[in-house]
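Contents: one structure, followed by commentary.
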Amino acid sequence: MKIQGVFLLVAACGLTPIALSYGLSPEVSLNFLFNIDATPINATHIFRAVMGLYFAMVLFWVLGAFYAKYRLHALYSLNSCS
């Protein structure tokens with residue numbers, strides 16, 4: 001595996017806890033981290049949707065880490081996130 005693949009896996013591991021903090025219990029984690037009230041059901045669904053988007057990025061980065069065909073695209077998407 002190339003160094004770019006390892007980098008993509010490290011980035012995926014770094015984004016996973018962030019995604020989980022948004023989606024598993026947004027009313028607790030967002031209140032603690034950002035003082036955001038996520039108790040309304042609409043806010044909870046929005047933050048869970050954000051979790052899904054983050055997991056889609058994680059999946060794409062893992063795919064790019066293991067398949068050279070997607071590696072450059074995954075690296076470009078990682079660059080656009082920062």
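The values are calculated or read from the model by the stated rules, or taken from the named source; none is laboratory data. Just so we're clear, the structure is a prediction, and the values are computed from it rather than from any experiment. No Cβ is skipped: glycine too gets one built from the backbone with ideal geometry, and neighbour counts run over all protein chains shown.
From the residues in the range 69-82 that are among the aliphatic types (A, V, I, L, M) and in contact (Cβ under 8 Å) with a residue 12 or more places away in the chain, which one is surrounded by the most Cβ atoms within 10 Å (Cβ to Cβ)?
74
Any residue that is among the polar types (S, T, N, Q), exposed (fewer than 13 other Cβ atoms within 10 Å of the Cβ) and within 30 Å of residue 2 (Cα to Cα) - is there at least one of those in the range 39-55?
There is no residue in the range 39-55 that is among the polar types (S, T, N, Q), exposed (fewer than 13 other Cβ atoms within 10 Å of the Cβ) and within 30 Å of residue 2 (Cα to Cα).
Part of a helix (DSSP H, G or I) and at pLDDT 95 or above, is that true of residue 32?
So residue 32 does not fit the description; no.
Quick one: would you say residue 43 is aliphatic (A, V, I, L, M), over 16 Å from the mean Cα position of the chain (by Cα) and outside any helix (DSSP H, G or I)?
Values: aliphatic (A, V, I, L, M): yes; over 16 Å from the mean Cα position of the chain (by Cα): yes; outside any helix (DSSP H, G or I): no.
So residue 43 fails the test.
Residue pairs, Cβ under 7 Å, 6 or more apart or interchain, first in the range 48-65 and under 14 Å from residue 21 (Cβ atoms), second polar (S, T, N, Q). List them.
Taking only residues 6 or more apart or on different chains, the pairs are 58/16.
Kindly establish whether residue 6 is exposed (fewer than 12 other Cβ atoms within 10 Å of the Cβ) and either out of contact with any Asp or Glu (no Cβ under 6 Å at 6 or more places or on another chain) or assigned to a helix (DSSP H, G or I) (or both).
Values: exposed (fewer than 12 other Cβ atoms within 10 Å of the Cβ): yes; either out of contact with any Asp or Glu (no Cβ under 6 Å at 6 or more places or on another chain) or assigned to a helix (DSSP H, G or I) (or both): yes.
Answer is yes for this residue.
Against the condition modelled with pLDDT of 95 or more and crowded, with 16+ Cβ neighbours inside 10 Å, how does residue 60 come out, does it pass?
So residue 60 passes the test.
Take the range 5-35 and flag every residue that is in contact with a Lys or Arg (Cβ under 7 Å, 6 or more places away or on another chain) and farther than 20 Å from residue 53 by Cα.
Across the range 5-35, the qualifying residue is only 5.
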